[in-house]
Amino acid sequence: MRIILLILLSLFITLSPSLIIPSSTLDEFKQTGSCGDGIWDSFSEECDGNDGCTNLCYCNNGYISDGKGNCTMQCMYGNSCIGGCTTPDVCISCSSSSGFTDDCSNCKEGYIYNTIGGCRPLPNRIWGCQEWFEMKGTPDEYRNVTMTSEHQTIILDAPGMYFPIQINRCTPYASQDKPYVYGAWIALRSTIGGWIVAETDKHYTSEEIEFAEQQKKVIGNDFAISEQKNCASGNSVSHHNYCLDSNNDISAYIHSPRMVVYVNSDEVRYLHIHLPYGQIISNWFKMLFTSIAHPCSTYYKQLNWNELSITIYF
């Protein structure tokens, strides 16, 4: 009986057209593409010799592969750019209805950025730092964070929170003459004084950072963090601010921000967590605050005994 089943199975495999691989496909698979010959090899090349293609047959920065051997130029201005971008994300003429100036260099008067490639009308109200802390309806624990001991971690996670358009004069991730972004202010204190790590999303270990770089895979979120000493009221662009630091990524492949802040026991540091260039926050973001002994301990690495090589000299 077993012999008969084996014979029938062999006949089925031989006669079934769905299991027969065309010789042309096999031939193509066996061929090794030669970068630079002007012939696109779909198995090993994104492109070959066309516009935006590198000498390694990958699409250059500012270009994306269309999956058909071509590299398409990216243009963040979209339909606002008259005649299309001249080089990746560079436009020399924008339509009057787009909200951009004629040369696309900035949003025109009465408009603010709505992501870096778009403009929208300026809202009636712009919130300052002081107004944020006076705003009703937001729980106090999501505006004031106080560290009381070493190795302490505080996690903020508040779904459904309201984020109005705010002015942030200390962020480099907005137009300096229109520094309007969506975000949240947090007053950071420490009763013991010391170093505090502020992160969004999660804590990325050194192993995770190295793995992301090896895989060349971008992960994380697009938030940014800025730090300042004072908390001004009003929405005047010319108001003086004591700006200290800013960050919008951990590495080239982990886009979540991380900031190490030193806070004395008698001081307050004001952190603003926001999305660059007026991007609207659709969901609440998670924030982590951790007391650490030294800035270097932010990137600790765990070693196993079998990874250590011990040499004894006599």
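Quick notes on this one:
- Cα-based equivalent ellipsoid, segment 69-116: semi-axes from gyration tensor eigenvalues, Å: 21, 10, 8
- At an R0 of 45 angstrom, the distance between the Cβ atoms of Ser206 and Ser96 translates into a FRET efficiency of 0.35.
- Sites Asp157 and Asp89 - FRET efficiency at Förster radius 35 Å, r taken between beta-carbons, to 0.05: 0.55
- For Leu122, neighbours were defined as the other residues whose beta-carbon sits under 13 Å from its Cβ, and their charges (Lys and Arg +1, Asp and Glu -1) total +2.
- Spin-label model, Ser175/Ser282: points 7 Å from Cα along the beta carbon direction are separated by 2.4 nm.
- Extended-chain gain in nm, criterion 0.36 nm per residue less alpha-carbon gap, His240 and Glu267: 7.8 nm
- Segment 123-299: translational diffusion in µm²/s, Stokes-Einstein, Kirkwood Rh over Cα pairs, 20 °C, 1.002 mPa s: 129 µm²/s
- Projected label points at Met135 and His294, each 7 Å from Cα along the beta carbon direction, are separated by 4.0 nanometres.
- Segment Ile64-Asp222, length gained on full extension (0.36 nm per residue, minus Cα span): 54.9 nm
Readers should treat all values here as calculations from the given coordinates under stated rules, not as data from a laboratory. Predicted model, so just to flag it, every value in this text is computed and none were measured. Methodologically, a virtual Cβ is constructed for each residue, glycine included, from the backbone with ideal geometry; neighbour enumeration extends over all protein chains shown.
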